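Presented below is the structure to which this report refers.
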Amino acid sequence: MDHHRSSHLTQAFIHLDHLTHNMNLLQSLVGDRPLWPAIKANAYGHGAEIVGRHLMDMGYETLCVAHVSEAIDLKEAGLNATFIVLSATLPENSEYLVAYGCEPVVCTLEMVEGIARVASRTGKKVAVHLKVDTGMGRVGIRPDQVVEFLDRCRDYPEVTVKGIMSHFPMADEEDKSFAVRQIDLFRQVKEASRGYGISVYHFANSAAIFDLPDAYFDAARPGISIYGLKPSLSMLNPRVKELKPVLEWKSRITFLKEVPAGTGLSYGHTFHTQTPSLIATIPLGYGDGMSRLLSNKLQFLIHGIRCPQVGRICMDQCLVDVTALRGRVEPGNEAVIVGKQGNDEITVDDLAQTLGTINYEIVTNIAKRVPRIPLKA
């Protein structure tokens, strides 16, 4: 028995049947092009090993991570996938990239040289993906530098430029005009690089898969959508509503107490009871990834009823007013942070809107100590 998973009362449940559904939906949109799912940042908080293993069982053999350290962890856990390393890194990491068979994204000749040096010494060939900045403004070479860069790469026979890629900053917004200009620019890059043996051009993220079919090119890199979360609340394609959330986040009541009116609760006494109240303690805090900024703004589902969180959220615990459930509630009862209970549901988007952020941040912030429990259909 996994005592760690069973003893920690706050848990994230991962619905693998929903993951399958979402991948099938995305695949139906892009047709027979390959999907390269992003499982960076611990699979957006869902558990990279759990998600990666299920994706490989589905037949997806190329997965995207942000850093080589993520690829190393997954390789050493037995996931023998091809890992595209999306974030720019430094030549000092070339040893790891080559040793673990990664396909790094590059945008400097220094990086290509570093990889080639290690590959030459170890007798290996390395495929890389050239990042072109068409408007993200983060990393990548300019479109007008692509041909010269590819010419220079020919000096390093150990390195093959397998792909050329770019990224969208605004594909998830209602106004798609900037994204459309990026696609036109990327088409020009594709035309200019035709003679260089590039086998795959890839651009589309989750938002583009739904709203910008012209961005599909040869492969697509879905991220947030594989987890059943919308890239934004302004998506145009109605099929985004078919996504099914993969994660539910739940805890349990560990203590109940009756307190009189006027009682200050938790650090700083930012909340005082107005009437005699029944207060529940939940073993969930900012140490589990629940933002302290949600103090006095959060709700839990208990017995299908929305109950307000009260007082400051602590590192390991928080308090919930369950006065409305007096006589029905007891220690051990389930408290839903994200998910369904009874006829109600609290979504990741609900938390994100309350906090003034995006759903990506909510799920990726779920702490490592919160066990991810895979559930099959």
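The values are calculated or read from the model by the stated rules, or taken from the named source; none is laboratory data. It should be emphasised that the depicted structure is a prediction, and the values quoted were computed from it without experimental measurement. Here the Cβ is made from the backbone with ideal geometry for all residues, glycine too, and neighbour counts use every protein chain on show. These accessible areas exclude ligands, DNA and RNA; they are computed on the full protein's heavy atoms, side chains included. Shrake-Rupley method; radii C 1.70, N 1.55, O 1.52, S 1.80 Å.
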Review point. Restricting attention to the range 108-132, and to residues there that are out of contact with any helix residue (DSSP H, G or I) (no Cβ under 8 Å at 6 or more places or on another chain) and closer than 20 Å to Val189 by Cα, which single residue is most open to solvent (accessible area, probe 1.4 Å)?
Key: Thr108
Point to revise | Residues that are open to solvent by 20 Å² or more (accessible area, probe 1.4 Å) and on the phi > 0 side of the Ramachandran plot, drawn from the range 290-316 | key: Asn296, His303, Gly304
Revision key, fill the gap. A careful count of residues in the range 353-377 that are assigned to a helix (DSSP H, G or I) and of a type in the set (Val, Ile, Thr) gives 4
Review point. If we only count helices (runs of 4 or more DSSP H) wholly inside the range 49-148, which ones have 1 or more residues that are aromatic (Phe, Trp, Tyr) and farther than 20 Å from Arg221 by Cβ?
Key: 94-99
Check your understanding: Looking only at residues in the range 224-274 that are buried (at least 17 other Cβ atoms within 10 Å of the Cβ) and aromatic (Phe, Trp, Tyr), which one is farthest from the chain's Cα centre (by Cα)?
Key -> Phe271
**Study point:** Of all residues in the range 144-153 being surrounded by fewer than 18 Cβ atoms within 10 Å (Cβ to Cβ) and in contact (Cβ under 8 Å) with a residue 40 or more places away in the chain, the one that is farthest from Lys125 (Cα to Cα)
**Key:** Val147
**Study point:** Failed condition for Gly356, given (1) in contact with a strand residue (DSSP E or B) (Cβ under 7 Å, 6 or more places away or on another chain); (2) of a type outside the set (D, E, K, R); (3) open to solvent by 10 Å² or more (accessible area, probe 1.4 Å)
**Key:** (1)
**Study point:** Single unsatisfied condition, Asp349 versus (1) over 25 Å from Leu243 (Cβ atoms); (2) surrounded by fewer than 20 Cβ atoms within 10 Å (Cβ to Cβ); (3) not polar (S, T, N, Q)
**Key:** (1)
Exercise for review: Please indicate, with yes or no, whether at least one residue in the range 82-101 is modelled with pLDDT of 95 or more, surrounded by fewer than 23 Cβ atoms within 10 Å (Cβ to Cβ) and touching a Leu at 6+ places or on another chain (Cβ under 7 Å).
Suggested key: no
Check your understanding: Does Met136 meet the test of being at pLDDT 95 or above and buried (at least 17 other Cβ atoms within 10 Å of the Cβ)?
Key -> no
Check your understanding: With respect to Leu212, is the statement that it is open to solvent by 50 Å² or more (accessible area, probe 1.4 Å) and not hydroxyl-bearing (Ser, Thr, Tyr) true?
Key -> no
Review point. Where residues in the range 99-123 are touching a strand residue (DSSP E or B) at 6+ places or on another chain (Cβ under 9 Å) and of a type in the set (Ser, Thr, Tyr), which of them is nearest to Lys162 (Cα to Cα)?
Key: Thr108
Review point. Do the conditions hold for Val161, that is, is it buried (at least 21 other Cβ atoms within 10 Å of the Cβ) and either assigned to a strand (DSSP E or B) or without any contact (Cβ under 8 Å) to a residue 12 or more places away in the chain (or both)?
Key: yes
Check your understanding: Quick check: anything in the range 224-238 in contact with a strand residue (DSSP E or B) (Cβ under 6 Å, 6 or more places away or on another chain), modelled with pLDDT of 95 or more and either part of a strand (DSSP E or B) or of a type in the set (Ser, Thr, Tyr) (or both)?
Key -> no
Exercise for review: Test Lys340 against the stated conditions and say whether it is open to solvent by 30 Å² or more (accessible area, probe 1.4 Å) and either aromatic (Phe, Trp, Tyr) or within 22 Å of Gly223 (Cβ to Cβ) (or both).
Suggested key: no
